[in-house]
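The numbers here are math on the coordinates, done by the rules we state, and not lab data. Predicted model, so just to flag it, every value in this text is computed and none were measured. Glycine also receives a Cβ, built like all others from the backbone with ideal geometry; neighbour counts cover every protein chain displayed.
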Amino acid sequence: MPLVGDELAAFLEEAHLAHFATTGSDGMPRVRPVWFCYADSALWFTTRLTARRTGADLANGLPVAVSIASEDRPYRAVVAYGRPEVWEQDTKAWLERIATRYGAREGKRWLAGALKEPDRVVLRLVPDKVVAWHYGTGDYTRMQKKE
């Protein structure tokens, strides 16, 4: 069965790594693992706009894809598509929320450095499309049979 509703929200509230995919100006895809959080029907990330290629990739205006998958069986996964926006409200609070969900001590250490980076931003993605599944409920078998 597809992940939907409360089950989808509960999965996104777990501390999985997200894989954030963009397309460069040269047409090459780029994927990078990132921390994220899910709140207010949006996926929230952080990046650096000038010190990373992500900023240049986002400037081209092309949509992104985000994959979030469980590491253990039964596998669950979400793929979201859309165009993220730079979120300028409560930046410090969002950075802390993203970082500390993966471990308070490590997150706070990371946050101390991130707050010193002038090009550090928060990205908000309200997906245009979401595909989600839970292999433990038969999705894998149906997908193999192309039902």
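On a 0 to 90° scale, report how tilted helix 104-114 is relative to the longest principal axis of the chain, with both axes built from alpha carbons and the result rounded to the nearest 10.
50
Translational D (Stokes-Einstein, µm²/s) of the chain at 4 °C and 1.567 mPa s when Rh comes from the Kirkwood sum over C-alpha pairs?
80
Compute, for the chain, the length of the dipole vector about the Cα centre, with Cβ point charges of +1 (Lys, Arg) and -1 (Asp, Glu) only. Units Debye, rounded to 20. Display every interim value, and only then the final one.
Details: 21 positive and 19 negative charges, 88 e Å.
Roughly 420 debye for the chain.
What is the total of Lys pairs in the chain with C-alpha atoms under 29 Å apart, excluding same-chain pairs fewer than 8 positions apart?
Count of close lysine pairs: 6.
To the nearest whole percent, what portion of all C-alpha pairs in the range 51-133 is separated by more than 21 angstrom? Walk me through the numbers before you get to the answer.
Working: 1528 of 3403 pairs.
I get 45 percent for the Cα pairs in the range 51-133 exceeding 21 Å.
I'd like the orientation of helix 91-100 relative to the chain: the angle between its Cα long axis and the longest Cα principal axis, in ° from 0 to 90, rounded to 10.
For helix 91-100, the angle is close to 50 degrees.
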